[in-house]
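The structure appears right after this line, and notes come after that.
The values are calculated or read from the model by the stated rules, or taken from the named source; none is laboratory data. Given the structure is predicted, the values throughout are model-derived calculations rather than measurements. Cβ coordinates were reconstructed from backbone atoms using ideal geometry, including for glycine residues, and neighbour counts include every protein chain displayed.
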Ligand SMILES: [Zn+2]
């Protein structure tokens, strides 16, 4: 069941776009003719080995990053799994993070974008892979960010919504996994973010993450990061 627009916290200040989802990519592409994508990630990783993943783990300056941590300022969550994890782990060839947030934590948009995919019908007590609730946003440089394991009926945005950075997307959950957490990743293009074998993910930095970064400038496993005000 889709939630009514009126259930969205008006205090977040974002507005619904009248664009049909099918038209949005076309209009975004036209907008990019006049210039967009500045400050975005630039180092994709084609599927390959962990070593190739690590070689591509080039994180830009957090100060110029378009992303903020996807939770409320003043709160902190630990990184349970980071990018390029060892063989057998799910982030083996990906630039993705698992943030260990409990159920019903507010998930905020890390970057402004348009909602291009969402699922929220899977229950939270079903750990089967493929049964993840999720929401994804397309950004002005055509990259896509994914927020996965959302709570059942916990996605508060609708297809085609235009969401600002920091806008409320919904509530974290444990759909498709056994431990409540939020999986976050950014993909180079749509159509390459849906299947593990084809996805091309991007290393991204967060401009408001307070906490020690690893030697490459990424977020470190086992470290908690406090979200500073997203500016
Ligand atoms: Zn994950």
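Name the single residue that is surrounded by the most Cβ atoms within 10 Å (Cβ to Cβ) among those in the stretch 78-92 being near the ligand (Cβ under 10 Å from one of its atoms) and over 17 Å from the mean Cα position of the chain (by Cα).
By that ranking, first place goes to 85.
From (1) modelled with pLDDT under 95; (2) more than 14 Å from the ligand (Cβ to nearest atom), pick out the condition that doesn't hold for residue 122.
(1)
Are any residues in the stretch 66-77 within 16 Å of the ligand (Cβ to nearest atom) and either under 13 Å from residue 222 (Cα atoms) or in contact with a helix residue (DSSP H, G or I) (Cβ under 7 Å, 6 or more places away or on another chain) (or both), and if so, which ones? Give the derivation first.
Of all residues in the stretch 66-77, those within 16 Å of the ligand (Cβ to nearest atom) come to 69-71, 77.
Of everything in the stretch 66-77, just one residue is within 16 Å of the ligand (Cβ to nearest atom) and either under 13 Å from residue 222 (Cα atoms) or in contact with a helix residue (DSSP H, G or I) (Cβ under 7 Å, 6 or more places away or on another chain) (or both), namely 77.
Here is a list of conditions, (1) within 16 Å of the ligand (Cβ to nearest atom); (2) more than 16 Å from residue 77 (Cα to Cα); (3) surrounded by 20 or more Cβ atoms within 10 Å (Cβ to Cβ), and residue 170 meets all of them except one; can you say which number that is?
(1)
Of 159, 134, which residue is free of Cβ contacts under 8 Å to residues at least 60 places away in the same chain and touching a strand residue (DSSP E or B) at 6+ places or on another chain (Cβ under 6 Å)? Please lay out each step first, then the result.
Numbers: 159 fails: free of Cβ contacts under 8 Å to residues at least 60 places away in the same chain.
Exactly one residue qualifies, and that residue is 134.
I'd like the residue in the stretch 40-59 that is surrounded by 15 or more Cβ atoms within 10 Å (Cβ to Cβ), over 16 Å from the mean Cα position of the chain (by Cα) and at pLDDT below 90 and, out of all such residues, is farthest from residue 188 (Cα to Cα).
50
Could you tell me which of the residues 104, 98, 153, 140 is in contact (Cβ under 8 Å) with a residue 60 or more places away in the chain, within 12 Å of the ligand (Cβ to nearest atom) and either over 24 Å from residue 55 (Cα atoms) or not in a loop (DSSP other than H, G, I, E, B) (or both)?
Answer to the selection: 98.
For residue 115, state whether it is outside any loop (DSSP other than H, G, I, E, B), modelled with pLDDT of 95 or more, surrounded by 21 or more Cβ atoms within 10 Å (Cβ to Cβ) and away from the ligand (no atom under 16 Å from the Cβ).
Values: outside any loop (DSSP other than H, G, I, E, B): yes; modelled with pLDDT of 95 or more: yes; surrounded by 21 or more Cβ atoms within 10 Å (Cβ to Cβ): yes; away from the ligand (no atom under 16 Å from the Cβ): yes.
So residue 115 passes the test.
If you check residue 225 against the conditions, is it assigned to a strand (DSSP E or B), under 12 Å from the mean Cα position of the chain (by Cα) and crowded, with 21+ Cβ neighbours inside 10 Å? Can you show your working first?
On the way: assigned to a strand (DSSP E or B): yes; under 12 Å from the mean Cα position of the chain (by Cα): no; crowded, with 21+ Cβ neighbours inside 10 Å: yes.
For residue 225, the condition - assigned to a strand (DSSP E or B), under 12 Å from the mean Cα position of the chain (by Cα) and crowded, with 21+ Cβ neighbours inside 10 Å - is not met.
Among what's in the stretch 173-184 and is more than 14 Å from residue 121 (Cα to Cα) and at pLDDT 95 or above, pick the residue that is nearest to the ligand (Cβ to nearest atom). Quick ask: steps written out before the conclusion?
First pass over the stretch 173-184, keeping only residues more than 14 Å from residue 121 (Cα to Cα): 177-184.
The next check asks that each one be at pLDDT 95 or above; those that pass are 180-184.
On the way: 180: 12, 181: 7, 182: 9, 183: 3, 184: 8 Å.
Among residues in the stretch 173-184 that are more than 14 Å from residue 121 (Cα to Cα) and at pLDDT 95 or above, the one nearest to the ligand (Cβ to nearest atom) is 183.
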